[in-house]
Amino acid sequence: MSTETLSGAAPEAPAAVASAAAPVRPFYWSVRREIWENRAIYVAPLAVAGVLLFGFLIGSRRMAEALRETANPAVLAQQHLIPYHIAAFAIMITTGLVGVFYCLAALNGERRDRTILFWKSLPVSDRTAVLAKAFIPQVVLPFVAFAVIVATQVVMLLLGTVDLALNGLAPTVLWSQVPLGSLWVVLAYGLVALSLWQAPLWGWLLLVSAWAKRMTFIWAVAPPLALCLFEKIAFDTSVCFHLIGQRLAGGFELFTHSGKGGGIQTDLTKLDPVGFLTDPGLWGGLVVAAAFLAGAIWLRRRREPV
């Protein structure tokens, strides 16, 4: 064999080895596939943000007119914070609804359209597929919510600043009364905590999606509701109703003033991550969520296309 042949083959060997050793990353690509196939994950929050910004643009003129007339612009600027809170809660609720309908269709849909036959032919385990779907409401949707809320509130602040400047008013009052920094810290903490707190909800919805043949929403709601009614009729108690309600809405108390509403709190001293992480209810919920996901994995491995 000639020297030229040997020298020409040598550089190709490391490249081939590197290509063969490159990680496949099935979980990463499974998550990418879920995002690509379910564009409502980011389109719905962006659409709501667009509507809110349009309404804010129309209503910002009233703030400029009121600032001219009021003797206490700081109080008015505090009232101007209300649209920021409305935007945050509206986008969070939107992403929550997207998460509910996504989970209900995540495993049921691939059985109904029989695409599960194709996905099972790929070297992706049922565990990876289910965990990738659980990753969407647990991680992706909170991240999308945070990013869209931050962008929306920044645009709101810019629109308010421009409107005040065009009306000959100093925007410094507005800047001093809109504590976006602390608000975003509370928002990030709250979204992470809410995601952990509501983990049993996402696990239950995925379990129902893996089991039910049709009408997944009915199957997701009917058993808990029946359990609550049975307890009330049989024992005249409301323990199940309280536990389910606390799991669904209790996490939103992280955002509000002492759990009484009135907008997202901005006092960082009110946050208690240690108390939250040591709450038995949190860890009990995570155990239940893990059991639901294990059940969904088991069902996906055994259930046939609808």
What residues of the stretch 81-107 lie in the reach of a label at residue 301, counting those whose backbone N is under 20 Å from a point 7 Å from the Cα along Cα→Cβ?
107
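Residue 239 to residue 277: FRET efficiency via 1/(1 + (r/R0)^6), r the Cβ-Cβ distance, R0 35 Å, to the nearest 0.05?
Numbers: r = 25 Å, r/R0 = 0.71.
In this case the efficiency is close to 0.90.
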Roughly how many nanometres apart are two label points built 7 Å out from the Cα toward the Cβ at residue 229 and residue 47?
3.3
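FYI, it's all coordinate maths here, none of it is from the lab. This structure is a prediction, so every number in the text was calculated from the model and none was measured. Glycine also receives a Cβ, built like all others from the backbone with ideal geometry; neighbour counts cover every protein chain displayed.
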